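Q: Below is a structure I'd like to ask you about.
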Amino acid sequence: MKTQAKTDTNDYDITDLLNQPSRILPPILLISVCFKIILMPTYRSTDFDVHRNWLAVTHNLPLSEWYFNDVNGTTVHTLDYPPMFAYFEAFLSNNPLTSRIVPLGDRCLDLLPDSDNTPSEDCIVFHRCTVIASDLIFWIGAYMACRSMYHGKPLYRSSMAFLLIVWNPGMLWLDHIHFQYNGMLLGLFLGSLGLLMQGNNLGPNKRGYHFCHLGGAILYAFLLNLKHLYLTLAPLYFCYLLMSYCQIDGKGFQLRNFAALASVTAICLLAPWVPFLLQEDPKGQLLQILARLFPFGRGLVHDYWAANVWALYLLADKVVKVASPRLPWIPISHLPEPTPLVCAVLMFVSQLPALIVASTRRSNVKLIQAVVYCSLCSFMFAWHVHEKAIMTALIPLTLLVCQNDDRNNKGYSHSLLFWQMSLWGLLGLFPLLFRPVELGFKVVSYVTFMALCVQFSKERFGSFRKLCSLLVGIVIIILEVLPIQGKWEFLPLMITSIICALGLVACWIVSLAQLLAVEDERIKDKNI
Amino acid sequence: MTQSTAVNNRIPITLITICFGFACILRILIGFGHHSGENNYHGSSKAYGGDFEAQRHWMEITYWLPVGDWYWYDLDYWGLDYPPLTAYHSYLCGWLSHRLAGPETVALDSSRGIEDPVHKAYMRATVLVFDFLIFGTAVCYSSFRNDRGSMWVSFITLCQPAILLVDHGHFQYNSIALGFSIAAFAFISQDRFRSCIYGSILFCLALNFKQMTLYYAPVVFFYLLGRCISTPKRFFQRLILLGVTVLTCFGVLWLPFIVTGPSDMMTTPLERMMQIVRRIFPFERGLFEGKVSNLWCALNTRPISIRDRIDSSVQPLLALVLTLIMIAPSSFALFCLGMKGDEMATSKINNQNHWKRLLWGTMSCSLSFFLASFQVHEKSILMSLAPCSLLLWEDPKFVLWFSRVCVWTLWPLLQVDRLHTPYFCMLIIFEMLVHLGQDHFSSKPSVFSGIFSMIPWLTYAIMIGLHAIEFSLGPPAALPDLYPVLWSVVGCALFCLAYIISCAKVLLPVEGKNKVE
């Protein structure tokens, strides 16, 4: 009896459990599936209607009309993702399973005007199920990335990273409440990163080296054809692959590798476009698709400012507008409006350090750091950024969380950066789910996840983090609880986006500092 | 080594946040499902909805009417039939609802059958808040001791699918009554007699929140009596102290209803009191309600049909006698336990055994009421489940088996409420949590060991089998109620088994049992 009591009162490390992925992963995945199923009846945004309309378009129309149709001008939910995504929707809407699940006579797959497109319960269940099923890709990608990141290291580290990726509440909010397919896209992205890292782990003399690098490139090419948001990472991929795959230490440039890479990538990039170019008017098709993909007319920022540099810029603009009539020493009456070109140039210039680092110091940690930094750059500067884009930086960063848990590391640790970025990035997603009905779920899942991050980081929950938490609490109260109406209605949203922007800009700078820091043991060994 | 483990022994606050947060997320998720009677799904022509509408209606009448009218107003439409503390609680929720969810949600008469997502969220939030405030606090106070075992006990108790599905799915405030009861048990089982006084106050609150907590009353009474007798010198002093406490508590809570009567007729104080009692104990409703997994319902199947054979005036008496027989073991055992109450301070192990014995007693007693008493609801099984769940570290196999049986017997109810998805999802989530703790659970001694170890597996096979048969075949046209009846008969048999085990646990001495195994 007494010995029993003693073994029970061990410390509360769950490392032993995390060291057995085969025991811990199935329950975790099953629990998350159950969560997603129960979330089906919650709020869904117009993105649901968007994707439903794409199902209808790909179900009812010939390929040539996919990018032209807008149900005679009665819908704004037109197809505006690249061709692969259109094929994905076509696959969903045209397979025998779908016609069996969606009951006969249901309008789920019909072309409907915006004024009358309320979906039936079966339609919602079907559509939500496609998201849940597509999360399988997310899990596989996350697992691949975690395993190759922590190659040859204790298993609990990759389990932790995997757990933090698949249980990110942002994914639940975006995909399973708001409705999108981010999980699938991020899964491909992580899979691509995982293959690249695995190639790095293997080294050029092993079998599978070419397969991994080419596979990573192919997955990325597919990803680009699914969602063009990832185009902002193209320079990084190009530089990394060019310098790390096509160049081998001591042997110089490998033309064979380059040729293989170039041809494979080009085929994967262009193949999905071929069916559209085989139509009667290929030029018209191409121009129409590009016009749909890049709607620059939408303005610099979204209705709700994403928490980036432009939010701060617009705030400064507002301040100047208010202040300049009163304070004559201010030389300008408003700040200049940036053009898409300015955004693109800023983004590219700010990405340069990452391109250099990723192509010169070839290690997995540096690659992921560069990916995180580049994603943050595009989040900060790109034209018409959505708040959701933060996930593109946050999810890869999760891979690094369990990297340096040794205490003697002086720098700003990855886990602290991750905590900060989750704190502000996820808070910035709050306005997406604006109904009071989801408020409880939003707040509790957020708090629980932040606690999970602290639990895994093994760091002290210092006064700095407490201060940040307090600030977040105040923001949540302003945003969700205070009944601000009328003239100052915009204030809660503005405060949220400004404070999140400040936090994320700080994270962005820290991630640059981490990227440039020379700390990685393996690099030292290699170079010296 | 021992020093370092002693330092590490404190459970980090983050881990506690994660566990509480997870339990909270489960509650919120279930809350997204339908509540009882949503969209008037049963199609009842007499009164809209179910328990949800009843609770909302009580908020409406308590908010608008003077206290005297609460137990008299329009009784045909979900008249108030819970004890006074529920009425006050409804008033508080109604007051907040008027301000937070909008005045239309509790407007007198005109709000009947209102359906509004924000109002539903508000109602769910009230359950959630009180659940954590009272049930959560009580569970942590009674069981949380900063070690891994107690962590699991609290966590699993807070994630009991049966409790969550009834409170947050079907919609009731059982967790408040359960919380008060558990807190009361935790207090009365402490070695100082002063704690017994606090415990009895808490138990009075539980009794005044939900009459169902009467299921615990005999064991609590006999235990406290034992405590009084344990030091003969102070017997009368203690007895009077407890009596005065209980009477004062009841007096304070009942006084407003006795002093003021309904505004539209003349009543004497006695009549007013009797009105509350009549409302709380509706004997005219019959031996049992719906399809409950208790003895009466099981004995009412075709060849026996007990309800038709025995005169309806004898039925309450029969139920009473059988219940009294069934509660005898646990009452006797707890009376003896109470006698030993003052010796507890001698050792920590002793203290723990005392607490566990008390829990077995309360479980056994409430199970006997559930099985044999008059007018039982299927939800009353929660009264046995809550104390049983706190015994997780004693006998995980049995407790988990009992948890599964409990939630399984609620299936017919949840099916009517259209909570199929939350039911299955909660079952899976619960199983997965158990799976994560399997290392700890499987190493413990259990009653289901040796030849009995097949009992749980047999039970699970039957339960899953019945689900599969119902899903694939559906009821035959001649017997539309076949499956609820099967559920109640099987459930009754399993609960009888649980009753026997709990009686054995509470009667047999702990040391002797250890030697036998």
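A short reminder: the numbers here are calculations on the coordinates, not readings from a lab. Computed from a predicted structure; not experimentally measured. Ideal geometry is used to build each Cβ from the backbone, glycine not excepted, and the neighbour counts take in all protein chains shown.
Q: Fully extended, how many nm does the chain gain between A:Ile509 and A:Val319 (0.36 nm per residue separation, minus their Cα-Cα distance)?
A: Fully extending the segment from A:Ile509 to A:Val319 adds 66.0 nm.
Q: Which value in nm describes the separation of the simple spin-label points at A:Leu482 and A:Arg298, placed 7 Å from the Cα toward the beta carbon?
A: Label at A:Leu482, label at A:Arg298, 3.0 nm between them.
Q: Let me ask you something else. Need one number for chain A: average projected area of the convex hull over its C-alpha atoms, nm².
A: 31.4 nm²
Q: In nm, what is the difference between 0.36 nm times the number of residues separating A:Leu287 and A:Phe490 and their Cα-Cα distance?
A: Contour length minus the Cα-Cα distance gives 69.3 nm.
Q: Quick one: go through segment A:93-135 and flag any residue whose amide nitrogen is under 20 Å from the point 7 Å out along the Cα-to-Cβ line of B:Phe424.
A: A:97-104, A:121-135
Q: Could I ask something else about it? Which FRET efficiency value, to the nearest 0.05, is calculated for A:Leu516 and B:Val416 with the Förster distance at 56 angstrom and r the Cβ-Cβ distance?
A: Calculated transfer efficiency: 0.30.
Q: At 1.306 mPa s and 10 °C, plugging the Kirkwood radius over alpha-carbon pairs of segment A:65-114 into Stokes-Einstein gives what diffusion coefficient in µm²/s?
A: This corresponds to a translational diffusion coefficient of 130 µm²/s.
Q: Turning to a different aspect of this structure: By per-residue mean of other Cβ atoms within 10 Å, what is the highest-first order of A:284-294, B:425-435?
A: Going from most to least packed, we get B:425-435, A:284-294.
Q: A follow-up question, please. Pop the C-beta distance of A:Ile356 and A:Leu277 into the FRET formula with R0 = 41 Å and round what comes out to the nearest 0.05.
A: 0.65
Q: For chain A, return all DSSP H helices satisfying: extent of Cα atoms along own axis at least 24 Å; mean Kyte-Doolittle hydropathy at least 0.5.
A: Sorted by number, the helices that extend far enough and score high enough are A:21-38, A:121-149, A:182-202, A:209-226, A:340-360, A:364-381, A:439-457, A:491-516.
Q: Efficiency by 1/(1 + (r/R0)^6): what FRET value for B:Val252 and B:Leu75, r their Cβ-Cβ distance, R0 = 25 Å, to the nearest 0.05?
A: It comes out at approximately 0.50.
Q: I would also like to ask the following. Per-residue Cβ counts within 10 Å, from other chains only, averaged over A:440-452: what number is that?
A: 6
Q: What are the semi-axes of the equivalent ellipsoid for segment B:55-189, taken as the square roots of 5 times the Cα gyration tensor eigenvalues, largest first, in whole Å?
A: 32, 16, 12
Q: How would A:Ile137, B:Ile381 line up from fewest to most surrounding beta-carbon atoms within 10 angstrom?
A: Going from sparsest to densest Cβ surroundings: A:Ile137, B:Ile381.
Q: Let me ask something else about it. Long-range amide H contacts for A:Val385: which residues qualify at under 5 Å (H placed 1.01 Å from N, peptide plane, sequence gap of 5 or more or a different chain)?
A: A:His302
Q: List every residue whose amide H lies under 5 Å from the amide H of B:Val376, counting only residues 5 or more places away in sequence or on a different chain, with H placed 1.01 Å from N in the peptide plane.
A: Answer set, sorted by chain and number: B:Glu289.
Q: Between B:Ala107 and A:Arg100, what is the label-point separation in nm under the 7 Å Cα-to-beta-carbon projection?
A: Going from the A:Arg100 label point to the B:Ala107 one covers 5.0 nm.
Q: I would also like to ask the following. Counting alpha carbon pairs within less than 8 Å and at least 6 residues apart, what relative contact order, in whole percent, applies to chain A?
A: 15 percent
Q: Rounded, prolate or oblate: which fits segment A:294-527 when a ≥ b ≥ c are the square roots of the eigenvalues of the alpha-carbon gyration tensor, with rounded for a/c under 1.5 and prolate only if a/b beats b/c?
A: oblate
Q: Okay, moving on. Work out how far the C-alpha atoms of the protein assembly as shown reach from end to end along every principal axis, then list the three figures in whole Å, largest first.
A: The Cα atoms of the protein assembly as shown stretch 96, 72, 69 Å along their principal axes.
Q: For the pair B:Thr231 and B:Ser263, how long in nm is the line joining their label points, each one 7 Å along Cα→Cβ?
A: 5.3 nm
Q: Sorted by mean Cβ packing within 10 Å, highest first, what order do the peptides B:250-263, A:324-337, A:342-355 take?
A: A:342-355, B:250-263, A:324-337
Q: Which whole-number percentage describes the relative contact order of segment B:10-516, with Cα contacts under 8 Å and a sequence gap of 6 or more?
A: 17 percent
Q: Need one value for B:421-433: mean number of C-beta atoms belonging to other chains within 10 Å of its residues' C-beta atoms.
A: That works out to 4 on average.
Q: Taking each pair of different alpha-carbon atoms in segment B:371-517 once, compute 1/r for the pair, average those values, and report the inverse of that mean as the Kirkwood hydrodynamic radius in Å to one decimal.
A: Kirkwood hydrodynamic radius for segment B:371-517: 16.8 Å.
Q: Next up: With a/c under 1.5 counting as rounded, go ahead and sort segment B:135-238 into rounded, prolate or oblate using the C-alpha gyration tensor (a ≥ b ≥ c being the square roots of the eigenvalues; past the cut-off, prolate if a/b is larger than b/c, else oblate).
A: Oblate shape, in that a/c is at least 1.5 and b/c is the bigger or equal ratio.
Q: As an exercise, find the ratio Rg/Rh for segment B:10-516 from alpha-carbon atoms, using the Kirkwood inverse-distance average for Rh.
A: Ratio value, two decimals: 0.95.
Q: Ignore the peptide's own chain and count Cβ atoms of other chains within 10 Å of each Cβ in B:18-30; give me the average, rounded.
A: 6
Q: When B:Cys388, B:Cys336 are ordered from fewest to most other Cβ atoms inside 10 Å of their Cβ, what list results?
A: By the 10 Å Cβ count, ascending, the order reads B:Cys336, B:Cys388.
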